[in-house]
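Below is one structure; the comments refer to it alone.
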Amino acid sequence: MYGDVIIDISLEKLDKTFQYEIPEHLRETVQIGSRVVIPFGNGKRRITGYVVDMSTEPKIDAGRIKPILGVSKDSIAVESQLIALAAWIRRNYGCTMNQALKTVIPIKKKEAGKEKKTVTFLLTQEQARDELSTLLARKRHSQAKEKLLRTLMERSTLPWEDITGKMQIPATVIRDFEKNGWVRIDAERAYRNPVPMTLEKERPIVLSPAQSEAVSRITQDMEAGRLGTYLLYGVTGSGKTQVYMELIAKTLADGKSAIVLIPEIALTYQTLMRFYQRFGKQVSIMNSRMSPGERFDQYERAKKGDIRIMIGPRSALFTPFSDLGIIIIDEEHEPSYKSETVPRYHARETAIARAKMQGASVVLGSATPSVESFAKAKSGEYTLLTLPDRISGRTLPTCEIVDLRAELRQGNRSILSRRLQELMADRLQKKEQIMLFVNRRGLAGFVSCRACGHVIKCPHCDVSLSLHRGDVLRCHYCGYETRKPVVCPSCGSKYIGGFKAGTQKFEEVVRQTFPMARVLRMDTDTTRGKNGHQEILDAFRRGQADILIGTQMIVKGHDFPNVTLVGVLAADLSLNSSDFHSGERTFQLLTQAAGRAGRGDIPGNVVMQTYQPTHYSILAAKDQDYEAFYEEEIAYRELMDYPPAAHMLLILITSEKEEEADRCAKALADLIEEKAPQIRCLGPSDAVVAKVRDIYKKVIYCKHKDYEQLIEIKDRVAQTIQADAGFAKVMVWFDFDPMNQA
Ligand code: ADP
Ligand code: ZN
Ligand code: ZN
């Protein structure tokens, strides 16, 4: 056996490994992540390194490979744990060890830290007076020396910057003082801290019975050394964040650290302030706008134990706490927890793997749990904890569904239903605010009937077909194709076609209908620039507009007390995506949108306009009934073998030559069918976007209940591609339980 050993864990050097032999007596102990002692250079030096990979093949002449001398017994470095996690990621999601290492050690590069130096005076007043008189006795003495000496006699420590800056004394003078033994110079790395530190203390809170129950259940398990995964299920405003904070307090009291993952879009100032108010300087944050240097500082501070709580999006999961006690994932259903680049890891599963390695607990929180997590909670794999009520006791808003087919029949061709217009007029007159949400997700060219709502679906996969050039409808899972019908197959109407309307179009209609209203629009066009997004929300919160129109961006994590009406303009658009998650996404979006209404003292109204008023996702969202939604959705997943009923592996094959991509995809599909007939294999077919920048993309979907079987397929496919010179120009990627279609 041989081990690839890395000497220095800084990103630039991750590629540079050295191969060592693992001697017989160390075979049992050495693992990926082990910190080992090795001979280096001419063989006399001994240094430590980390084993990042193992193999049976020597890369150079086996006689020249030196043996590992031993396993380092010092305290287990957090690097070891992260390297072991990288190995787990490689195995479970498919990537190279290097890609996995770069994911878990996500420092761009070591930036020179800003050094802060202080100068401390070492002489007694008496000695100082002597030196001063000696100095003054000289005919042409240095003014700078005199000035520094006199200042130091008054103040015994001075920042270096002040001496060379304000006082305009050259650095050489300070160095001379140091040589004379008059002063000591201390350097301290100045860590850039992104947290503003002007705070009032939080007011004390008494937990509600449901909150206490959740907290004590988890802390009892912690005390007994039982480490579990908990699903905290409670509507927005039910006090989940408060529960997280209690659990963090307990974790800190036990001398451990905490990681809190929050989707970037919900990482608002208000949320962060609550954590700072309670935990002060022990908290740090991470976000994608930080410079590599700032991130590096945060990691260093975490490693040194200067901070104990890290809050951030997906990548904050890899904060190098060696004493990790808890990982909290808020809004655990968010698709952004799945990486869209290789390795395509899911933060939830990876958090659970890290927690197991480091003896930590995992708490998942959501008002609309992912179907995956709720299924695990039902089966007992996770512990389900429920917060049934809003803390304020405020009632949920009144939701109603408007049938757009009926509007059309009754002659209203506007995209604003009569009921919505009526309520809008009422709120404008009362000077209350309105949010209009345009559900634009998954607008990829489905075909539906405006008269009866019928959507054309794949007969094999039960997802919408997508419209392609030449009026071809295609399924993105199995490749089924058919021609676009001219009349609705369900009702015979000729109003059948693609649906195209963006936020801009809606804004026009709203301005025409209510010319006096002040309207703000928020979508990717209006939020370019660093803070565009925040500025629009702030302006709306301050009451500078009556109506805010936007995409999903406006429904997440924002609290607007004066909003009493939420209109969902086309609630079913997201139902028609060609992805099997469409029912789940629709339910989540509608529930979140509804949650925006009536958060202040006035109860709210929600109007959901739709062509599919009887779809279970829409009915359940109207009643804010998660469990009703879940029962329908899990039945669909089980019927169709979609996750969590089975696991799914997407194999993406790309090449500059279409013929090559085709040949490879067919060969792989044949291979899977031959070697693993128990796997359900769909495709090969064209990817959603079949050609990007002259690269052709083909997909194969594999389904099986046992994840391990899919890992085997992945490894076999990777080997086949590597071994066959005919596929040298083909690239193959893997995506386990994909959240989006390729
Ligand atoms: P969630 O995270 O589920 O949306 P929060 O924890 O943010 O809920 O709670 C909603 C609001 O209720 C917050 O303003 C919070 O400060 C307040 N709150 C939470 N728990 C309590 C409590 N036990 N007593 C009083 N107020 C509370
Ligand atoms: Zn029809
Ligand atoms: Zn299909």
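FYI, it's all coordinate maths here, none of it is from the lab. Since this is a predicted model, take the numbers as computed values, not measurements. Note: ideal-geometry Cβ built from the backbone for every residue, glycine included; neighbour counts use all protein chains shown.
How about residue 675: which lysines have a C-alpha closer than 19 Å to its C-alpha, ignoring those fewer than 8 places off in the same chain? Hits, sequence-local ones excluded: 666, 703, 705, 714. Radius of gyration over Kirkwood radius for the chain, both on Cα atoms: the Rg/Rh ratio is 1.04. Only aspartates and glutamates eight or more places from residue 657 in sequence, or on another chain, were considered; those with a Cα closer than 12 Å are 694. Distance between the C-alpha centres of the range 448-463 and the range 116-181: 84 Å, rounded to the whole angstrom. Projecting the Cα positions of 496, 519, 433 onto the charge dipole of the range 399-522 (unit charges on Cβ atoms of Lys, Arg, Asp and Glu, taken about the Cα centre) puts 519 furthest along the positive direction.
Put a plus charge on the Cβ of each Lys and Arg, a minus charge on the Cβ of each Asp and Glu, and nothing anywhere else: the dipole of the chain about its Cα centre is then about 2320 debye.
Loop sites by DSSP among the GluC sites (Glu not before Pro) of the chain, restricted to those with at most 13 other Cβ atoms within 10 angstrom, leave 382-655 as the longest stretch without any of them. Other residues lying with their Cβ under 13 Å from the Cβ of residue 226 contribute a combined charge of 0, Lys and Arg counting +1, Asp and Glu -1. Rounded to the nearest 20 debye, the dipole magnitude of the range 376-459 is 220 debye, with +1 charges on Lys and Arg beta carbons, -1 on Asp and Glu beta carbons, and the Cα centre as origin.
Quick one: net charge of residue 146's neighbours, Cβ under 12 Å, K/R +1, D/E -1? Walk me through the intermediate numbers first.
Numbers: positive: 138, 140, 145, 147, 150; negative: 131.
Once positives and negatives cancel, what remains is +4.
In terms of its alpha-carbon gyration tensor, the range 553-593 comes out prolate; a/c meets the 1.5 threshold, and the first ratio a/b outweighs b/c. In this structure the amide hydrogen of residue 363, modeled in the peptide plane, comes within under 5 Å of the amide hydrogens of 230, 327, 328, 329, none closer than 5 places in sequence on its chain. State the antiparallel share, in %, of DSSP beta bridges confined to the chain, rounding to the nearest 5. Bridges in the chain that DSSP calls antiparallel: roughly 55 percent. The alpha-carbon of residue 484 sits under 16 angstrom from the alpha-carbons of these lysines, leaving out residues fewer than 8 places away in its chain: 457, 494. Per residue, the convex hull spanned by the Cα atoms of the range 374-420 amounts to 135 cubic angstrom.
Just in the range 238-311: which trypsin sites (Lys or Arg not before Pro) are loop by DSSP and have at most 13 other Cβ atoms within 10 Å? Don't jump to the answer; show the numbers that get you there.
On the way: sites: 240, 250, 256, 274, 278, 281, 289, 295, 301, 303, 304, 308; in loops: 256, 289, 308.
Here the sparse-neighbourhood loop sites are 289.
Placing unit charges on the Cβ atoms only, positive for Lys and Arg and negative for Asp and Glu, gives the range 238-375 a dipole magnitude near 300 debye about its Cα centre. For residue 333, the residues whose amide H sits under 5 Å from its own are 370, ignoring neighbours fewer than 5 places away on the same chain, with H placed 1.01 Å from N.
Within 9 Å, Cβ to Cβ, of residue 120, how many net charges do the neighbouring residues add up to if Lys/Arg are +1 and Asp/Glu are -1?
Values: positive: 184; negative: 186.
Here the charged neighbours net out to 0.
With the radius of gyration and the Kirkwood radius both derived from the Cα set of the range 182-334, what is their ratio Rg to Rh?
Values: Rg = 16.6 Å, Rh = 16.6 Å.
Using only Cα positions, Rg/Rh for the range 182-334 is 1.00.
Annotation: the range 382-465 has a Kirkwood hydrodynamic radius of 17.2 angstrom, from the mean reciprocal C-alpha pair distance.
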